[in-house]
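A short worksheet on the structure shown next.
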Amino acid sequence: MGPLACVRVLDLSSVVFGPLASQVLADYGAEVIKIEPPGGDSTRHTGPAAEPGMAAMFMGCNRSKKSVVLDLKQGAAQTALHALLAKADVFMHSMRPQKLTGLGLSPEQLRARYPRLVYAGLHGFGEDGPYAGMPAYDDVIQGMSGLADLMQRQIGEARYLPTIAADKTCALVAAHAILAALFARERTGRGGFVEIPMFETMVGFNLVEHFYGMHFTPAKSGAGYPRVMAPWRKPYKTLDGHVCMMPYTDAHWSRFFGAVGQPELAQDARFADQASRTRHIAELLEILSQHVEKHDTQHWLHTCERLEIPAAPVARMDDLPQDPHLAATGFFASVQDPAMGEVRFPRSSVRFDGTQPPITMPPRLGQHTHELLRAAGLSDAAIAEL
């Protein structure tokens, strides 16, 4: 069942930001109803697919949900949506706010009609700033929030991270913000309006460590945590591959310097303590890299285990389903689908009392339209008109 059993979520969002947020809620046991236009979420057609409308990107963000198709340009469809809203706990969308009033879906309109509703607006930018209402996509937000600048500082070229970091990070923030609003409603009896803007969320995410000396007045440094921006901070090349190593504490570095025959570096003023190592991090990691490349990967894994220094081989994403730890914890789950056969998913990492709610297939487009609208009180004739 899961801790969110009996919580109903209506999700009008699309692509990744909103759908991933509502998938987290579905993983926790909520009934998530995906409201889609007649053409469906665009991700239904992104990536390889075993059948039309069920492409890989859609599969990754929409498991354990239901799908209702409504063309909200029709008045009858808006009436049908309100029939679903009457029994909903959460309404969430990723539309630009200026479109909502005409559809009767603004926060003021819905909260007046459904006072217990938690209304979540997944926006690009906060509504009280000059960027309000601007379109926002992952690449744009990565650039605006400083991620591309961090890449330029490290490798000399402005780049996006090779993952949709803004959409996914903001999705997780949206999920926990919605949970906080639901918790408040249980105490007060009233819902609320939750705004999750991508831009501000990602700026806050990036500045956890990178605000650095700018916390102080006057600033003690510019933005940027030197250790993670150093060009040498990367998997280290060995004789036969790469290894991830992270000596961090004074003890780690002392053991490492001893193991490579340079114990005197532990007393070097540049590397003797955490503050000094941070100031000279580029030199330190370059020294580390020069030693690592002299031996093979297994040598360093065994050495680091003996020295109690965190280390691991570099995993290929294609090999993760065979990882022994992920296999033992049941991280990859399979669902048998009558049409597609066995379909695999990386499931939620979270357990409640040692268990996880079961997962189900992402829905086909409109798969639950008749069932849910009939349960909401619409006649077969009214559903047929839609």
Just one listed residue, out of A86, A184, is farther than 29 Å from G224 by Cβ and surrounded by 14 or more Cβ atoms within 10 Å (Cβ to Cβ), and it is A184
Flagged in region 61-98 as assigned to a loop (DSSP other than H, G, I, E, B) and farther than 17 Å from A174 by Cα, in numbering order, are R63, S64, L70, D71, L72, K73, Q74, A86, K87, A88
Picking from H210, H280, H242, the residue that is at pLDDT below 95, within 34 Å of the chain's Cα centre (by Cα) and not acidic (D, E) would be H280
| message | Would you confirm, using the coordinates I've provided, whether D27 is over 21 Å from F193 (Cβ atoms), surrounded by 21 or more Cβ atoms within 10 Å (Cβ to Cβ) and in contact (Cβ under 8 Å) with a residue 12 or more places away in the chain? | response | yes
How many residues of region 306-363 are in contact with a helix residue (DSSP H, G or I) (Cβ under 6 Å, 6 or more places away or on another chain), over 18 Å from A26 (Cα atoms) and small (G, A, S)? The answer is 1
Of the residues in region 178-207 that are of a type in the set (D, E, K, R) and under 30 Å from R96 (Cβ atoms), the one that is nearest to the chain's Cα centre (by Cα) is E200
Cβ pairs under 8 Å, 6+ apart or interchain, first in region 251-267 and not assigned by TED's automatic domain parsing to the domain that holds V292, second among the polar types (S, T, N, Q), ordered by first then second residue, are none
For strands (runs of 3 or more DSSP E) lying entirely in region 296-385, having 3 or more residues that are loosely packed, with under 12 Cβ neighbours inside 10 Å picks out 341-346
Going through region 211-227 in order, the residues found to be out of contact with any helix residue (DSSP H, G or I) (no Cβ under 7 Å at 6 or more places or on another chain) and surrounded by 13 or more Cβ atoms within 10 Å (Cβ to Cβ) are F211, Y212, G213, M214
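The values are calculated or read from the model by the stated rules, or taken from the named source; none is laboratory data. This one's a predicted model, so the numbers in the text were calculated from it and none came from an experiment. All Cβ positions, glycine included, derive from the backbone under ideal geometry; neighbour counts span all protein chains shown.
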